[in-house]
Amino acid sequence: MAAAAGGPGPGGGGRRGARRGAANILAQLRHGQLSGRGLTRGAQITEALLKERDKQAKWNGIPLLLQKLYENSHPNSDLSQCQSILKEISPLLSMEAMAFVTEDRKAAQESTFPNTYTFDLFGGVDLLVEILMRPTLITQKKKQKISDDLIKDCLSILYNTCICTEGVTKRLAERNDFVLFLFTLMTNKKTFLQTATLIEDILGVKKEMIQLEDIPNLASLVSSFDQQQLANFCRILAVTISELDTGSDDKHTLLAKNAQQKKNLGPSRAEVNQESSDESGLANTSTRTQLPQSMKIMHEIMYKLEVLYVLCVLLMGRQRNQVHKMIAEFKLIPGLNNLFDKLIWRKHSASALVLHGHNQNCDCSPDITLKIQFLRLLQSFSDHHENKYLLLNSQELNELSAISLKANIPEVDAVVNTDRSLVCDGKRGLLTRLLQVMKKEPAESSFRFWQARAVESFLRGATSYADQMFLLKRGLLEHILYCIVDSECKSRDVLQSYFDLLGELMKFNIDAFKRFNKYINTDEKFQIFLNQINSSLVDSNMLVRCITLSLDRFENQSDIKVAEVLSECRLLSYMSQMSMRMSFLFRLINIIHVQTLTQENVSCLNTSLVILMLARRKDKLPFYLHTLQEMEYTEKYPGFILNNFHSLLRFWQQHYLNKDKDSTCLENSSCISFTYWKETVSILLSPDRTSPCAIVSYIDEAYMDIDRDFTEE
């Protein structure tokens, strides 16, 4: 082996031979590490050979230092010598890590980092892991003591190597024993930060997420953290409880998701990590009283970011109700309300925290990221949950009650049952504060989307007249219409969020349609509004659904006020035209296909179904299907709409009739029972070509294409 590794051989003298010899050693080491045979670590190479090759190979003495480290790290050796050796190695690696972090990222990737590469190649990474884990592996009564400084040096060097040398992080991530061991080091405040940084880096590339329940003494570990440590730990929690992103757009289609769900029968690792095995125990830990205080005193914006993110993920998980209950009891919402002006939506100052190379208005700045994360938390907290009324103060809750009383309708149970001791205090609740900043937001602001989403989530669920009037009285409808029509918003994301919010705000509310008509008071304004709707039906279809449903309800009412608005409102008059409804139906079916359905555009399918369910109620379903057939012929493409619709409805059955699928959202958004949804789909998919309500009755035999298999492989 020695001859193969280092002998100059014939014709190999001088510098060329030295370089060839060095290359030989590197090749054999890499081959040995990959195969597990032959030369696998630098300690197997003689000191004389390493000295001979070091200068020409530009190893900067790293292999020799590693050999000394290996000799001084045996189970019975004095580890104090190890630290002095690491002090020599560390600067060589930290310089490269610093260069990688500060250089332009593209340039950094193209350049090489010979010191960290050499350190890893000669077994440095594996050796440090051995040193760190040795106390857990030795069974002797008197275990080897590793100093805090030695642990910190080992962790820092490992992290720097991970940054600069490709594959090291993934290798460490594959060692589950090492990953779990790292969590035990977090109990020591002196080594906490280095440990947390390395864990976060490793978990970011781990193919299969660890299970939190495997971490020894997790509950006592978390309860021992101070507020800064808790926030850092939230960065790690965020990784363990978030679903891994596939990184491929086609995997986000509903077809692919359904196929994946069939393969994964049990909950994912991320879902398991959100669940608490002992609810009573969790509620009685000291964290119960510590968390709100920790939230209040976290002055560093970046720490608050991590906490808000974790809470958002938990509020969207399987344990949502448990998390809701705890957040309410912790009085987190009143706490955020008190922080709103002081920190969350404070005015920018010259000393505002910004990232290197960015400015205060950049979407990447911590100030802006904190605001977005805060808005996401409000959205997750309010969405389809009775605790949403905690966003109001006592006076505002009384206002809701007064609205219901004046309209002679029953109060919403959730309003009556809201614990007044847990709501916001002060002159304004959190929702009202949000409306105030929303109206002042500049037209080009990136917050508009998230603000609209947060307010819309408050309205989601069973339609509440009192909730709508509460927001209408504060000028929300006029603000939305100003943004859509007068400022002629161009951002597709913002437009979609405004259309969705407008739909929830106006649904079944005759006062809202009256206000709409008062604001959109000219044909020119109305045409701009229609142009915005028609520019992207994927974005505006929820509003189209709202108008269709509202029109149907108003037409069945005998109230004089309703009849007056019906005759005067441009929007209701427009949608009452059969040609307009058919145009929307035709386009809604045409812009989606089974293969391209996602969570974003599946609403188009449900909106088209709403139009047909309302037609079925009036015994007009055959007329609508016949009109679609005529429109196909006008387009000179018989069958292309109805065949596509048939496939979409087959997918609808597969998707929504799944036992795990919650159908209450469809019922709440339409006030149509899910049974009626299912019946309508079944009638439309009937194979009986003599049925006047079956799609197949309107597709000529020559153009029939309904049996195509769309199962995702």
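The values are calculated or read from the model by the stated rules, or taken from the named source; none is laboratory data. Since the model is a prediction, treat every value here as computed from it, not as a measurement. Every residue, glycine as well, gets a Cβ built from its backbone with ideal geometry; the counts of neighbours run over all protein chains shown. Ligands, DNA and RNA are stripped out before the accessible areas are found, and what is left, the full protein with its side chains, is counted by its heavy atoms. Shrake-Rupley method; radii C 1.70, N 1.55, O 1.52, S 1.80 Å.
Anything over 23 Å Cα to Cα? Flag those among Lys331/Lys507; Lys406/Lys618; Lys55/Lys87; Lys342/Lys427; Lys518/Lys618; Lys257/Lys507, in the order listed.
Exceeds cut-off: Lys331/Lys507; Lys406/Lys618; Lys518/Lys618; Lys257/Lys507.
What nm value, rounded to one decimal, do you get for the distance between Asn534 and Lys620 when each label is placed 7 Å out toward the C-beta?
That separation, rounded to one decimal, is 2.0 nm.
For segment 408-527, what percent of Cα pairs sit more than 18 Å apart?
55 percent
Sort 64-76, 623-635, 210-222, 375-387 for me by packing, meaning the mean count of neighbouring Cβ atoms within 10 Å per residue, highest on top.
375-387, 64-76, 623-635, 210-222
Using +1 at the C-beta of Lys and Arg and -1 at the C-beta of Asp and Glu, which of Leu390, Ile368, Ala402 has the Cα lying farthest in the positive direction of the dipole of segment 365-405?
Ile368
So if R0 is 25 Å, what FRET efficiency would Asp486 and Gln577 give, r being the distance between their Cβ atoms, rounded to the nearest 0.05?
Calculated value: 0.45.
Just report the Cα centroid separation between segment 437-479 and segment 566-599, whole Å.
24 Å
Would you work out what percent of the accessible area of segment 56-100, with all protein chains in place, is carbon or sulfur (probe 1.4 Å)?
Roughly 54 percent, rounded to a whole number.
Can you give the Kirkwood hydrodynamic radius for segment 519-586, in Å, rounded to one decimal and based on Cα pairs?
Computed over Cα pairs of segment 519-586, the Kirkwood hydrodynamic radius comes out at 12.8 Å.
Got a number for carbon plus sulfur as a percent of segment 455-606's accessible area, 1.4 Å probe?
Roughly 49 percent, rounded to a whole number.
Segment 456-485: which trypsin sites (Lys or Arg not before Pro) are DSSP loop and have at most 12 other beta-carbon atoms within 10 angstrom?
Lys473
Report the semi-axes of the equivalent ellipsoid for segment 588-713 in whole Å, largest first, where each axis is √(5λ) for an eigenvalue λ of the Cα gyration tensor.
That gives 23, 18, 13 Å for the three semi-axes.
Pairs of Cα atoms under 8 Å, at least six residues apart: use those to get the relative contact order of segment 575-705, whole percent.
Taking the mean separation of contacting Cα pairs over the length of segment 575-705, I get 24 percent.
Looking at the calculated P(r) for segment 599-644, what percent of the C-alpha pair distances fall above 14 Å?
Looking at segment 599-644, the distances longer than 14 Å represent 58 percent of pairs.
Heavy atoms only, 1.4 Å probe, whole protein assembly: order Tyr656, Tyr482 by accessible area, highest first.
Accessible-area ranking of Tyr656, Tyr482, largest first: Tyr482, Tyr656.
Could you report segment 581-645's accessible area per residue, 1.4 Å probe, as an integer in Å²?
In whole numbers, segment 581-645 has 40 Å² accessible per residue.
Tell me the trypsin sites (Lys or Arg not before Pro) within segment 406-455 that lie in a loop according to DSSP and have at most 16 other beta-carbon atoms within 10 Å.
The qualifying sites are Lys427.
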